[in-house]
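Visitor: Below is a structure I'd like to ask you about.
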Number of protein chains: 2
Amino acid sequence: MKKYDVIIIGGGGGGYYTAEKIKEFENSKSVLLIEKESIGGVCLNIGCIPTKSFISTAELIENFKNSERFGIKSSFTPDYLKIFERKERIVKILQRGLYKRLLSKNIDIIFSKAHISSESVVETENGEKFEFKNLVIATGSKDSQIPSLLFDGETILNSRDVLSLKELPSSVVIVGGGVIGCEFATYLSIFGCKVTMVEIFDSPLSTLKNSFIKDNAKKILQKNGVKFIGGKSVLSFDSTNKRVILSDKEEIFCDKVIVSVGRKPFCDLELEKLGVLKDKNGFIITDKTKRTNNERVYATGDVTEGPMLAHKSYYDGLICAKNICGIKTERIDYTFIPYSIFTLPPISHSGKSEDELKSEDIEYKVLKASYAENGRAASYEARAGEVRVFLSNDDKILGADIIGKDSDILIHQLLPFIQNGIDFKLLKESIFIHPTMSEIISELKLY
Amino acid sequence: MKKYDVIIIGGGGGGYYTAEKIKEFENSKSVLLIEKESIGGVCLNIGCIPTKSFISTAELIENFKNSERFGIKSSFTPDYLKIFERKERIVKILQRGLYKRLLSKNIDIIFSKAHISSESVVETENGEKFEFKNLVIATGSKDSQIPSLLFDGETILNSRDVLSLKELPSSVVIVGGGVIGCEFATYLSIFGCKVTMVEIFDSPLSTLKNSFIKDNAKKILQKNGVKFIGGKSVLSFDSTNKRVILSDKEEIFCDKVIVSVGRKPFCDLELEKLGVLKDKNGFIITDKTKRTNNERVYATGDVTEGPMLAHKSYYDGLICAKNICGIKTERIDYTFIPYSIFTLPPISHSGKSEDELKSEDIEYKVLKASYAENGRAASYEARAGEVRVFLSNDDKILGADIIGKDSDILIHQLLPFIQNGIDFKLLKESIFIHPTMSEIISELKLY
């Protein structure tokens, strides 16, 4: 039986990143990565990357629509199948790159479902057994379902189904206004599909404690042609007449229904053989070093608590790898985990929201800056946008929102300052290049 | 005679920014700004902003050209006059915004040429006299000329002339491969003008001590259709046959000649009345507080030594304003001043170049990262790009080059770290958002 220092189950962000970091910290450790499907997990194959591929095409279409303002007469026809094929190509290229990179770091990879054979042995589908000193469980998450709208892969779709569509539906109802739903709504609507979003709450992104972002997300979706219906739920789908029936009996015709009501942790391993415990929501319980109650077993990524974001999984992987390699470290509070929502324009946030600061009675100052006064933004006709930064009395950044073109890049100017508590003045008073969008940060003023 | 605490001559970046900062630090100080032409100076009226307006349109045209790769069939016709009018509109909007902002801060503004009447009095064209406690000279710079190719505003053009063209020339020869020449070459070529750049040295940007950037600038210009002729000079222009004659007698037909051989300081004030001294190149001599040899007189921006960049002028203005308001401070070494060259894609740099580190015998480590592995760059089909960071042995950033899409924003993640000597690890190990272009910085690896 082959022995490994570390076996990792799950080749997504939580898994492969842990593998890479272990090799970086202690190259002599032998590492086996077992993946049942495609390397890269949800993010690379059926999440962040495919959606960003579609969103970049949608951004191009939006720019083309505005070309007259730039002095260019134009006509254009999006070909959905080609857009889809580009998405497939991008995923394949990144997948191959990642696979080669892992092999080059002497990480062994087996494509198989994994089973827990005993407290120190993992078995693959063909019966091969591998012994481990440490095990990392990174089995990820899956789409949540609604009992009255079970996924059928044809008409009632989960996110994997949506990203596999080879034809653009003429109309969809998106059930749920979460991040994934917002990104689907954005590109489908811009591609020419009639999109209705139905959400129980008044605005999309209802789980966020950030009314500024929620209000703006709604406006942005509507600007991009999405019909938003708040305060209602979808009761059922009438497949004969192709209509969804809402809680107030309103009926909406649609080609397809996309159910996007969040994700839940996924792990079908025989955890009892390891004595590893889950919480009531199905998350594997870990401490701040990402170790489970079994001291040889760690867990990272979506299968553990926290925001289901690829970079949260990487961060888990870093913490886990360090601890496996004897570098003692604890994860910081997950409220530091930043995020971007890739609507058009994108919405980005880090740290505490203004609502959280208020409800937690934390003293803060508000600084604001508008895209409208920035010369580079003007050159892009991207004057609609705003930066808000919340500062403590001793000039540490407590939180920040940016909505507007390139906010996903711009927010990174703030991140190391937020995460390391570096004085905001060192950022604000540094020399910025003129004329750049980055200067918006230098224009922040007390409000 | 009206008295002011501070009179500033010149309403460009060096002048208006000084005015704003003085009001910020000590609102009770009375400030008069005298501008002979348009508020905003070269940068806003005939420099950074108009060129960026054209470059953003050029970027859109490039997107149209690449649209098939994104799955979009398109056709487009740039209308140069409309492109020009958009430029005018953007300049007007920003000019108005700036003017209103200055007035709202109770800065008095007079549009007039200024004269030094005596050692404490300035006079405007209509004979009105104003007394000052402190004077700031911010009279800027102008295009350098070549005796054999004197500007005529019709065929032999300076940068102001180029930006005023209401018709796209069918062909131009650009004499000189500096930053301004590179930006003109980029957009004119993409708009459909046949561009030949003639430069005495082997590559454009010859004054930079940065061979990495110089080599890449040449490739980028050529990719954008510019014909680059290195190692030759332009002897003269034969206006009858519309040909420039090169040093080796080669003749190139062209509609217009753009002479872009740098800028020189401009100041036609009667400095002898103030006893203020210039150096042999015409720069007003200042110390590190931006004070001239006359202790009541300061000078900022292009009329003083250093890189002729708007943000260098702002920085001068900040230092000058602080010292006028009694906040003692000195400017840092200008080698810290970062810059972007807005070719397509843009080129950005800060700190020392690798050539400088070598020639100054400074020990350094090289970290590199490629755009090719970044998922978000893939979504934009922007895989051609590279980041290079030079680190000291104690992990301070000595310098950085970024070439590729959005490098002008991305470099800002590094700037406060370079300028304040903050440990690079705090940046590298922070949590980046996935999938973003910013992650390229997190992928930097020892080379």
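Visitor: Check B:Phe64, B:Phe76 and return the single one that is in a helix (DSSP H, G or I), more than 26 Å from the chain's Cα centre (by Cα), assigned by TED's automatic domain parsing to the domain that holds B:Gly275 and not polar (S, T, N, Q). Outline the logic, then answer.
Guide: Details: B:Phe76 fails: in a helix (DSSP H, G or I).
Criteria check complete, one pass: B:Phe64.
Visitor: Any idea which of A:Glu20, A:Glu24, A:Glu59, A:Glu35 is among the acidic types (Asp, Glu), more than 8 Å from chain B (Cβ to nearest Cβ) and within 30 Å of A:Ala378 (Cα to Cα)?
Guide: Going through A:Glu20, A:Glu24, A:Glu59, A:Glu35 in turn, the sole match is A:Glu59.
Visitor: Taking the range A:63-84, which residues are within 7 Å of chain B (Cβ to nearest Cβ) and under 26 Å from A:Asp161 (Cβ atoms)?
Guide: A:Thr77, A:Pro78, A:Asp79, A:Lys82, A:Ile83 - these are the residues of the range A:63-84 that are within 7 Å of chain B (Cβ to nearest Cβ) and under 26 Å from A:Asp161 (Cβ atoms).
Visitor: Let me ask something else. Quick one: how many residues across the range A:19-61 are over 24 Å from the mean Cα position of the chain (by Cα) and among the basic types (Lys, Arg)?
Guide: The total comes to 2.
Visitor: In the range B:402-414, is there at least one residue being buried (at least 24 other Cβ atoms within 10 Å of the Cβ), at the interface with chain A (Cβ under 7 Å from one of its Cβ atoms), closer than 25 Å to A:Gly97 by Cβ and touching a His at 6+ places or on another chain (Cβ under 7 Å)?
Guide: Yes, that holds for at least one residue.
Visitor: Residue by residue through the range A:415-446, note down the ones that are part of a helix (DSSP H, G or I) and either within 8 Å of another protein chain (Cβ to nearest Cβ) or under 25 Å from the mean Cα position of the chain (by Cα) (or both).
Guide: A:Leu415, A:Pro416, A:Phe417, A:Ile418, A:Gln419, A:Asn420, A:Leu426, A:Leu427, A:Ile441 - these are the residues of the range A:415-446 that are part of a helix (DSSP H, G or I) and either within 8 Å of another protein chain (Cβ to nearest Cβ) or under 25 Å from the mean Cα position of the chain (by Cα) (or both).
Visitor: I would also like to ask the following. Could you grab me the full set of residues in the range A:339-390 that are of a type outside the set (Phe, Trp, Tyr), part of a helix (DSSP H, G or I) and buried (at least 21 other Cβ atoms within 10 Å of the Cβ)?
Guide: Selection gives A:Gly375, A:Arg376, A:Ala377, A:Ala378, A:Ser379.
Visitor: Further, regarding this structure: I want to confirm something. Restricting to the range A:235-277 and keeping residues that are of a type in the set (Asp, Glu) and without any contact (Cβ under 8 Å) to a residue 24 or more places away in the chain, which single residue is least open to solvent (accessible area, probe 1.4 Å)?
Guide: Top of the filtered list is A:Asp238.
Visitor: Here is a follow-up. Could you grab me the full set of residues in the range B:346-369 that are without any contact (Cβ under 8 Å) to a residue 60 or more places away in the chain and either on the phi < 0 side of the Ramachandran plot or within 14 Å of chain A (Cβ to nearest Cβ) (or both)?
Guide: B:Lys352, B:Leu357, B:Lys358, B:Glu360, B:Ile362, B:Glu363, B:Tyr364
Visitor: Please go through the range B:85-134 and give me each residue that is within 14 Å of chain A (Cβ to nearest Cβ) and either among the small types (Gly, Ala, Ser) or exposed (fewer than 13 other Cβ atoms within 10 Å of the Cβ) (or both), ordered by number. Outline the logic, then answer.
Guide: At the first step, the residues of the range B:85-134 found to be within 14 Å of chain A (Cβ to nearest Cβ) are B:85-102, B:104-105.
If the condition is that a residue be within 14 Å of chain A (Cβ to nearest Cβ) and either among the small types (Gly, Ala, Ser) or exposed (fewer than 13 other Cβ atoms within 10 Å of the Cβ) (or both), then B:Lys92, B:Arg96, B:Gly97, B:Lys100, B:Ser104 are the ones that fit.
Visitor: When the range A:391-405 is examined, which residues are found to be assigned to a loop (DSSP other than H, G, I, E, B) and under 30 Å from A:Leu60 (Cα atoms)?
Guide: Hits for the range A:391-405 are A:Gly404, A:Lys405.
Visitor: Just one of B:Glu68, B:Glu59 is surrounded by 17 or more Cβ atoms within 10 Å (Cβ to Cβ), within 30 Å of A:Ile61 (Cβ to Cβ) and acidic (Asp, Glu); which is it?
Guide: Result: B:Glu59 is the single residue among B:Glu68, B:Glu59 that is surrounded by 17 or more Cβ atoms within 10 Å (Cβ to Cβ), within 30 Å of A:Ile61 (Cβ to Cβ) and acidic (Asp, Glu).
Visitor: In the range B:286-326, which residues are at positive phi and either polar (S, T, N, Q) or open to solvent by less than 20 Å² (accessible area, probe 1.4 Å) (or both)?
Guide: Within the range B:286-326, B:Lys290, B:Gly301 meet the criteria.
Visitor: Still on this model: Check A:Glu439 against each of (1) out of contact with any helix residue (DSSP H, G or I) (no Cβ under 6 Å at 6 or more places or on another chain); (2) open to solvent by 10 Å² or more (accessible area, probe 1.4 Å); (3) farther than 30 Å from B:Asn45 by Cβ and name the one condition it does not meet.
Guide: Just one mismatch for A:Glu439, condition (3).
Visitor: Looking only at the range A:1-42, which residues are in contact with a Gly (Cβ under 8 Å, 6 or more places away or on another chain), among the hydroxyl-bearing types (Ser, Thr, Tyr) and open to solvent by 10 Å² or more (accessible area, probe 1.4 Å)?
Guide: Matches in the range A:1-42: A:Tyr16, A:Tyr17, A:Ser38.
Visitor: Considering only the range B:25-47, state which residues are part of a loop (DSSP other than H, G, I, E, B) and either under 16 Å from B:Cys325 (Cβ atoms) or not assigned by TED's automatic domain parsing to the domain that holds B:Gly10 (or both).
Guide: B:Glu26, B:Asn27, B:Ser28, B:Lys29, B:Ser30 - these are the residues of the range B:25-47 that are part of a loop (DSSP other than H, G, I, E, B) and either under 16 Å from B:Cys325 (Cβ atoms) or not assigned by TED's automatic domain parsing to the domain that holds B:Gly10 (or both).
Visitor: Considering only the range B:69-108, state which residues are without any contact (Cβ under 8 Å) to a residue 40 or more places away in the chain and in contact with a Pro (Cβ under 7 Å, 6 or more places away or on another chain).
Guide: Scanning the range B:69-108 gives B:Gly71, B:Ile72.
Visitor: Test B:Thr329 against the stated conditions and say whether it is open to solvent by less than 20 Å² (accessible area, probe 1.4 Å), in contact (Cβ under 8 Å) with a residue 24 or more places away in the chain and among the β-branched types (Val, Ile, Thr).
Guide: no
Visitor: Another question, then. Within 19 Å of A:Thr343 (Cα to Cα) and open to solvent by less than 50 Å² (accessible area, probe 1.4 Å): does that describe A:Val195? It would help to see each step written out before you state the result.
Guide: On the way: within 19 Å of A:Thr343 (Cα to Cα): yes; open to solvent by less than 50 Å² (accessible area, probe 1.4 Å): yes.
Yes: the conditions hold for A:Val195.
The values are calculated or read from the model by the stated rules, or taken from the named source; none is laboratory data. Source: prediction; values computed, not measured. Ideal geometry is used to build each Cβ from the backbone, glycine not excepted, and the neighbour counts take in all protein chains shown. Heavy atoms of the whole protein, side chains included, go into the accessibility calculation; ligands, DNA and RNA do not. Shrake-Rupley method; radii C 1.70, N 1.55, O 1.52, S 1.80 Å.
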